[in-house]
Amino acid sequence: MSEPLAIFGGTFDPVHFGHLRLAEESIAHLGLGGVRWLPAGNPPHRGVPQVTGEQRLAMVRLATAGNPRFTVDAAEVDASAPSYTVHTLERLRGELAAARPLVLLVGADAFAGLAGWHRWRDILELAHIAVSHRPGFPVEAASLPAELAAVFQQRRLADASGLRSAPGGGIVTFAMTQLAISATQIRKLLANGLSARYLLPDAVLDYIRAHSLYRNS
């Protein structure tokens with residue numbers, strides 16, 4: 001069976017070092033063959049991104065350039081329909097080998113709300129889920145909504161090696177280096193004319209400046 005491929009979706013408004021570190025550490029923690037980045041085009045569960053899908057896609061491409069284990073998927077940006085995770089996974093299942101393990105990367109906060117996602121149970125039929133959390137703050141069933149807690153207990157894998165044994169269906173957790181960086185913080189700094197250097201790659205910051213993004217009107 002091929003090495004597991006991680007799927008990392010988000011608005012990336014803008015992409016920053018916290019995103020990059022999560023993707024990098026997931027490869028080591030989970031034994032992945034790579035990470036496919038999927039910038040959302042029209043995210044149904046969040047507010048409208050401040051910049052266009054094409055601009056966010058361009059920034060992700062700049063941020064991930066040079067890492068051969070990272071690839072970027074433009075399909076959600078190119079599509080006009082809302083970017084539902086289950087639809088993306090169905091598309092990928094049609095494109096990749098049926099036995100290829102797929103691993104959806106999510107943070108602990110996003111995972112806690114999984115039961116509110118569109119066709120959320122189908123997601124686990126299409127892929128595994130890997131939940132990142134802060135060191136010392138593991139994901140506990142008791143902290144999850146009852147419906148999700150039952151699924152978490154039933155499908156939790158003892159370790160990441162279980163990701164290789166099936167195309168999907170398992171849940172694994174891992175601690176990642178905590179970086180206190182957020183896209184909201186970066187947008188506020190830029191809107192107020194303050195420096196965001198060292199919070200995101202220089203190539204992305206140069207793109208933001210060249211296109212006058214995130215400035216107060």
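The values are calculated or read from the model by the stated rules, or taken from the named source; none is laboratory data. Everything quoted here is computed from the prediction, not taken from an experiment. So basically every Cβ, Gly included, is an ideal-geometry build from the backbone, and we count neighbours across all protein chains shown. Side chains are part of the model used for accessible areas, which takes the heavy atoms of the whole protein and leaves out ligands, DNA and RNA. Shrake-Rupley method; radii C 1.70, N 1.55, O 1.52, S 1.80 Å.
Some values worked out for this structure:
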read-out	value
Residue check for residue 28: open to solvent by 40 Å² or more (accessible area, probe 1.4 Å), part of a helix (DSSP H, G or I) and of a type in the set (A, V, I, L, M, F, W, C)	yes
Odd one out for residue 46, checked against (1) at pLDDT below 95; (2) within 15 Å of the chain's Cα centre (by Cα); (3) under 17 Å from residue 102 (Cβ atoms)	(3)
Options 12, 8: the member that is part of a loop (DSSP other than H, G, I, E, B) and under 17 Å from residue 107 (Cα atoms)	12
Criterion violated by residue 59 - all others in (1) within 14 Å of the chain's Cα centre (by Cα); (2) crowded, with 21+ Cβ neighbours inside 10 Å; (3) among the hydrophobic types (A, V, I, L, M, F, W, C) satisfied	(1)
Residue ID - most open to solvent (accessible area, probe 1.4 Å), chosen from residues in region 187-213 that are touching a residue at least 24 places away in the same chain (Cβ under 8 Å) and over 20 Å from residue 64 (Cβ atoms)	192
Selection within region 31-43 - farther than 19 Å from residue 187 by Cβ, open to solvent by less than 20 Å² (accessible area, probe 1.4 Å) and free of Cβ contacts under 8 Å to residues at least 60 places away in the same chain	34, 37, 38
Boolean, residue 174 is among the aromatic types (Phe, Trp, Tyr) and more than 25 Å from residue 18 (Cα to Cα)	no
Residue within region 132-143 that is of a type in the set (D, E, K, R) and assigned to a loop (DSSP other than H, G, I, E, B) present	yes
Qualifying residue in region 18-36 (condition: within 26 Å of residue 210 (Cβ to Cβ) and touching a helix residue (DSSP H, G or I) at 6+ places or on another chain (Cβ under 7 Å))	yes
Residues satisfying the stated conditions in region 44-91, i.e. under 29 Å from residue 191 (Cα atoms), of a type in the set (Ser, Thr, Tyr) and assigned to a helix (DSSP H, G or I)	64
Only one of 23, 99, 79 that is surrounded by fewer than 21 Cβ atoms within 10 Å (Cβ to Cβ) and either touching a residue at least 60 places away in the same chain (Cβ under 8 Å) or touching a His at 6+ places or on another chain (Cβ under 6 Å) (or both)	99
Residue within region 165-187 that is in contact with a strand residue (DSSP E or B) (Cβ under 8 Å, 6 or more places away or on another chain), among the polar types (S, T, N, Q) and closer than 24 Å to residue 4 by Cβ present	yes
Residue satisfying all of: in region 108-128; touching a residue at least 60 places away in the same chain (Cβ under 8 Å) and either part of a strand (DSSP E or B) or open to solvent by less than 20 Å² (accessible area, probe 1.4 Å) (or both); farthest from residue 159 (Cα to Cα) among these	127
Residue ID - surrounded by the fewest Cβ atoms within 10 Å (Cβ to Cβ), chosen from residues in region 62-76 that are of a type outside the set (S, T, N, Q) and within 15 Å of residue 34 (Cα to Cα)	68
Top-ranked residue of region 129-156 - restricted to ones that are touching a residue at least 24 places away in the same chain (Cβ under 8 Å), more than 20 Å from the chain's Cα centre (by Cα) and closer than 21 Å to residue 102 by Cα, ranked as most open to solvent (accessible area, probe 1.4 Å)	155
